[in-house]
Amino acid sequence: YPSNLQMEDSSGLRQAMCRAKGGAPGFKVAILGAAGGIGQPLAMLMKTNPLVSVLHLYDVVNAPGVTADISHMDTGAVVRGFLGQPQLESALTGMDLVIIPAGVPRKPGMTRDDLFNINAGIVRTLCEGIAKCCPNAIVNLISNPVNSTVPIAAEVFKKAGTYDPKRLLGVTMLDVVRANTFVAEVLGLDPREVDVPVVGGHAGVTILPLLSQVKPPCSFTPQEIEYLTNRIQNGGTEVVEAKAGTGSATLSMAYAAVKFADACLRGLRGDAGVVECAFVASQVTELPFFATKVRLGRTGAEEVFQLGPLNEYERIGLEKAKKELAESIHKGVSFIKK
Ligand code: NAD
Ligand code: LMR
């Protein structure tokens, strides 16, 4: 292992001891897939998060380089790198939060489901590691297709006897971030003042923005509703096409992942009223998983909120979303059960 990382480890130990004396709070966070397009900016942003005391960066390539680079940032978190499967267990041991952006991204013309064959196996292996080494960690799953990878993770945890539905969260925050941005553009508002619930799942028609519930309260023309719904549902494809074969959203995703991880950490710390959308085990519909607003607390998604009143357009969208979601969930569950 490169000597710069070992040096980082020992200076990291001293930093950790200093912080222990000062009693500064902090959580231990691992990023799996940390050298990737999402992983690198995500690691950089998590290194600046004052709620993080230890940051483990794991990947099957290039983890030492990314770790050496990020460890020079003069923020509190101690950074350690882990390269390849033999180091997965060390990367995971003792973690409070594990964020997973490992796996291949789309190219133009592909659906997220086209990634299933490669990413399903990657997610299975990583979740087996989590079940063994940090079964109580909160898991933020980013790898696509999220509508199937979350059910895969749940089945792996069930098999290992460690499944706690509250601790497994599929990250749909980018849909909310996009929805806030596009709605703010139409309304002429600052996106930071806008809150759009996005429910369902994270692919095409399963991404269901509830424009009737936007805050601050507002109204849209039918044309605006059509435009906004399509743009939010196809935001990922818009980026995939613009990147023309070099990948999918990475920077906005890293931003969204940090926003979501920070909410999870504030929940873990015991902050009241932390509410975000996520794809979780749910009884809101007849499906076993569904994205809605959830309240994040000391044990994860402690409350899963109902959909609230839907208009006719949203009710039709919900039926389409559920049909596709049911298939994607089934595909994920069968991958492990078979
Ligand atoms: P990328 O190819 O740039 O990076 C993926 C990283 O995962 C690489 O560094 C790779 O080495 C690593 N990796 C591969 N196999 C691994 C394994 N077994 N263990 C650990 N690491 C492994 O891809 P990206 O652009 O960062 O996207 C990653 C995933 O995130 C894709 O599946 C993409 O579709 C998904 N994504 C999801 C959302 C969302 O909203 N949930 C948004 C954007 C992208
Ligand atoms: C996104 O929404 O940007 C991601 O799911 C990546 C993709 O493939 O679109």
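Readers should treat all values here as calculations from the given coordinates under stated rules, not as data from a laboratory. Small disclaimer: the values here were computed from a predicted structure and weren't measured. Heads up, the Cβs are rebuilt from the backbone with ideal geometry, glycines too, and the neighbour counts pull from every protein chain shown.
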Give me the percent of DSSP beta bridges within the chain that run antiparallel, rounded to the nearest 5.
-> 45
Approximate shape of the stretch 59-148 as ellipsoid semi-axes (Cα gyration tensor, √5λ), whole Å, largest first = 25, 17, 12
Mind grabbing the base-10 log of I(q)/I(0) for the stretch 32-104 at q = 0.23, 0.27 Å⁻¹? Debye formula, identical points on the C-alpha positions, no solvent, two decimal places.
-> -1.00, -1.39
Which value in deg cm²/dmol, rounded to the nearest 500, describes the helix-derived mean residue ellipticity at 222 nm for the chain, given -39,500 (n - 2.57) per DSSP H run of n ≥ 4 and division by the residue count?
-> -15000 deg cm²/dmol
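Extension gain Met44-Ala160, at 0.36 nm per residue separation less the Cα-Cα distance, in nm?
Once the chain is fully extended between Met44 and Ala160, it gains 38.5 nm.
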Relative to the compact-globule scaling 2.2 N^0.38 Å, provide the ratio for the alpha-carbon radius of gyration of the chain.
-> 0.97
Inter-label distance for Gln85 and Glu128, nm, one decimal - labels placed 7 Å from Cα along Cα-to-Cβ | 0.8
Karplus (6.51, -1.76, 1.60) ³J(HN,Hα), θ = phi - 60°, over the stretch 156-161, in Hz, Gly and Pro reported as x | 4, 5, 4, 4, 7, x
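Note down, for the stretch 221-282, the three equivalent ellipsoid semi-axes (square root of 5 times each alpha carbon gyration tensor eigenvalue), biggest first, whole angstrom.
In descending order the semi-axes read 28, 19, 9 Å.
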Please work out the FRET efficiency for the pair Thr299 and Thr181, using the Cβ-Cβ distance as r and a Förster radius of 30 Å; give the result to the nearest 0.05.
-> 0.45
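Looking at the stretch 201-338, I'd like the Rg to Rh ratio, where Rg is from alpha-carbon atoms and Rh is Kirkwood's inverse mean 1/r. Write out the running numbers ahead of the final one.
Values: Rg = 16.4 Å, Rh = 16.8 Å.
In the stretch 201-338, Rg relative to Rh is 0.98.
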Based solely on C-alpha atoms, express the radius of gyration and the Dmax of the stretch 262-338 in angstrom.
-> 14.6, 41
Over all distinct Cα pairs, what is the inverse of the mean 1/r for the stretch 148-247, reported as the Kirkwood hydrodynamic radius in Å?
-> 15.2
Over all alpha-carbon pairs in the stretch 95-183, figure out the percentage whose distance exceeds 15 Å.
-> 58
Here the averaged projected area of the stretch 75-117, based on the convex hull of its alpha-carbon atoms and given in nm², is 5.2
Rounded to the nearest 0.05, what FRET efficiency do Leu189 and Lys259 have when you use their Cβ-Cβ distance and R0 = 30 Å?
-> 0.95
